Structures are given as structure tokens and as C-alpha cells.
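Undergrad: Structure in C-alpha cells, see below.
Readers should treat all values here as calculations from the given coordinates under stated rules, not as data from a laboratory. The shown structure was predicted, so the numbers you read here are calculated from the model rather than taken from an experiment. Every residue, glycine as well, gets a Cβ built from its backbone with ideal geometry; the counts of neighbours run over all protein chains shown.
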Amino acid sequence: MLDKKAAMELFAVAEEARERSYSPYSGISVGAALLAKSGKVYIGTNIENASYTPTVCAERTAFFSAIADGEREFVAIAISGGKHGKVGDDGFYPCGVCRQVMAEFCTPEFEIITKTKEQCESHTLSEMLPAAFTPDKL
Ligand code: THU
């Protein structure tokens, strides 16, 4: 588990990435910062589309960018999201599709960091996606 300072730092990167969100339809901007085992941090933001279904979440943008860069092992992801211009006081949690993508590449201990008010909150992937369908089931 990342210590408090490292979690806050990763969350700050997610907040920066959130500023790049392209989300004119939902009005929800999301930023993600994914820490790979290599130590590199990959950012992602949500990118919407007039045709709606091509929309991709911030978390998957970060994962796909990291995978394309050759990464395969991951430590943690921080996520910041909410209505445009608003700080999400209630925390912003990954959607089910993004949790499934995490389960493809991450161990059950992979850490998901969000922030409620001033505090960083941390969950493991296994808490967020219990009884996951993973590659070893095939
Ligand atoms: N969104 C994310 O980026 N991550 C999530 O985990 C949930 C949803 C985005 C997708 C879409 O642009 C907007 O939030 C509303 O669903």
C-alpha cells in the first residue's frame, strides 16, 4: 500500500489529468494516474464522442497508454472525477468495465485511490471487484 504522501501525490497527478478531459456531453470530467511497477506514472482522462458509445473512461485511457508503452505490471491508480469544475467530495470510483480491465492486468492487491473531502481513501481491486473473472479462468 502506498503511504499517505505517495497516495496524495498520485492523486494530484490525477487531478491535473482531469483538466484535460474532453467531456462536453456528460459534463463529468475524470482524471487518472496509474503507477506502473517500473515507477512510471501514466495519465488518462475521459474522452467522449458525439456518437456516445466510443466514449472511453479516464482509467482505461491510462491503462491502454501504459500497455502500449510496454508496461504489464501495476501498483496503484488514483482517480479524480465529478461534475465540471467541482471537487468530488464523495470520492469517484471506477466503473465496472474499468474494474474488469484492471482485473486483466493487476493482482487482487492492486490499489485504487480516490479522495473524499481532504482524505485519500484506498481500496484493493479485490474489494472493488470480488470474484473477478480473470485470464486464469480460461
Ligand atoms: N467515466 C470515467 O472516466 N471513469 C469512470 O470510472 C466512470 C465514468 C466517464 C465516462 C464519461 O465520459 C463520463 O464519465 C460519464 O459517464
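Undergrad: Would you confirm whether any residue within the stretch 65-75 is out of contact with any Ser or Thr (no Cβ under 8 Å at 6 or more places or on another chain), over 19 Å from Ala6 (Cα atoms) and of a type in the set (Val, Ile, Thr)?
TA: yes
Undergrad: Follow-up. Quick one: would you say Ser80 is under 15 Å from Ser122 (Cα atoms) and touching a Lys or Arg at 6+ places or on another chain (Cβ under 6 Å)?
TA: yes
Undergrad: Can you tell me which residues in the stretch 110-126 are of a type in the set (Asp, Glu) and surrounded by 12 or more Cβ atoms within 10 Å (Cβ to Cβ)?
TA: Glu111, Glu121
Conditions (1) hydroxyl-bearing (Ser, Thr, Tyr); (2) within 13 Å of the ligand (Cβ to nearest atom); (3) out of contact with any strand residue (DSSP E or B) (no Cβ under 7 Å at 6 or more places or on another chain), marked per residue:
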position	(1), (2), (3)
Lys4	no, no, no
Tyr25	yes, yes, yes
Gly31	no, yes, no
Lys37	no, no, no
Ile47	no, yes, no
Val56	no, yes, no
Ile77	no, yes, no
Val87	no, no, yes
Gln100	no, yes, yes
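Undergrad: Take the stretch 57-99 and flag every residue that is surrounded by fewer than 18 Cβ atoms within 10 Å (Cβ to Cβ) and either within 12 Å of the chain's Cα centre (by Cα) or among the hydroxyl-bearing types (Ser, Thr, Tyr) (or both).
TA: Across the stretch 57-99, the qualifying residues are Phe64, Ser65, Tyr93, Cys95, Gly96, Val97, Arg99.
Undergrad: Contact list please: Cβ distance under 6 Å, first residue in the stretch 74-92 and part of a loop (DSSP other than H, G, I, E, B), second residue acidic (Asp, Glu), pairs at least six apart or on different chains.
TA: Gly91/Glu121
Undergrad: All but one of (1) touching a His at 6+ places or on another chain (Cβ under 9 Å); (2) within 11 Å of the ligand (Cβ to nearest atom) hold for Ile113; which doesn't?
TA: (2)
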